[in-house]
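Worksheet for the structure shown next.
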Amino acid sequence: MRKFVISFALLPLIFIMACSGHDSPTEPQSQKETMAFMIDGDCYSLVSLIKVWVDGEYAGSVSYGGELDYEATPGDHTITATSDNYQWDAFQIHVSDHRETHSFQCTKAGFLCVFIDDRCPNYGITSVNVFIDGKYCGTQVPSETATCYACMPGSHTVSGTANNGAYWNATTVDIIANSQSYFSLNCGDMSIKKQ
């Protein structure tokens, strides 16, 4: 009978050879998808820049007419967003296996619609710079048609300066959400800047 002797010195080599043929397991990587954010057209003249947070982490900012892309793992994510004069309630977006797009809307806004008295040309006025809360909003001409500006609900002031130096002092107008408030800069109410 033949006897076989295995040297203990060879055992580590046998163990290494047995293990070397198998790859070590790797952690599965989560596939990320893109969330895209933009500003809806009804925010025009109200919001120019929005800062966005995803699950409490700052994701970046999006400007009017632009788009913000953010990579996120599949599942539900909580979105919060603010601008200088507007804030959105927190909401959720479900990310799946495709690009998710969200457009921020300003549905709480109201509109301040300003007329320039069509009798103003009789006073030498052909154009008026309109200011809301002291901020320049646009230049209007005397007309029966109003120009509307989006505003947050609440009290706002309207004033104007004409091309010939005439001006209107600030007048308070109340704005209600999802509605239009009308105001006329009448030429009979203007003041003339002293030379």
Report summary line: Treating every alpha carbon of segment 110-192 as one equal point scatterer without solvent, the Debye formula yields log10 I(q)/I(0) values at q = 0.13, 0.15 Å⁻¹ of -0.35, -0.46
Report summary line: Listed by chain and number, the residues whose amide H is under 5 Å from that of SER181, excluding neighbours fewer than 5 places away on the same chain and using placed H, are PHE111, LEU112, CYS113
Report summary line: Residue-ordered couplings for segment 171-177, obtained by feeding phi - 60° into the Karplus form 6.51 cos²θ - 1.76 cosθ + 1.60 and rounding to whole Hz (Gly and Pro as x), are 10, 7, 10, 8, 10, 10, 4
Requested in this report: Hey, could you get me the Stokes-Einstein D for segment 33-104, Kirkwood radius over alpha-carbon pairs, 25 °C and 0.890 mPa s, rounded to whole µm² s⁻¹?
Outcome: 200 µm²/s
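If we count every other residue with Cβ under 13 angstrom of THR78's Cβ, Lys/Arg +1 and Asp/Glu -1, where does the sum land?
Net charge around THR78: -4.
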Query - Average projection area in nm² (convex hull over Cα atoms of segment 40-195, one quarter of hull surface) - result: 10.9 nm²
Query raised in the report: Tell me, what is the FRET efficiency for GLU100 and ASP42 to the nearest 0.05, using R0 = 22 angstrom and their Cβ-Cβ distance as r?
Result: 0.60
Query raised in the report: Which value in nm describes the separation of the simple spin-label points at GLN92 and CYS148, placed 7 Å from the Cα toward the beta carbon?
Result: 3.5 nm
**Report entry** Approximate spin-label separation ASN129-ASP55, in nm, with each point projected 7 Å along Cα-to-Cβ
**Finding:** 4.9 nm
**Report entry** Extension gain (nm, one decimal) between THR78 and THR172, 0.36 nm per residue minus Cα-Cα
**Finding:** 30.0 nm
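A short reminder: the numbers here are calculations on the coordinates, not readings from a lab. What you are looking at is a predicted structure, and each value in this text was computed from that prediction instead of being measured. Neighbour counts run over all protein chains shown; Cβ positions are idealised from the backbone, glycine included.
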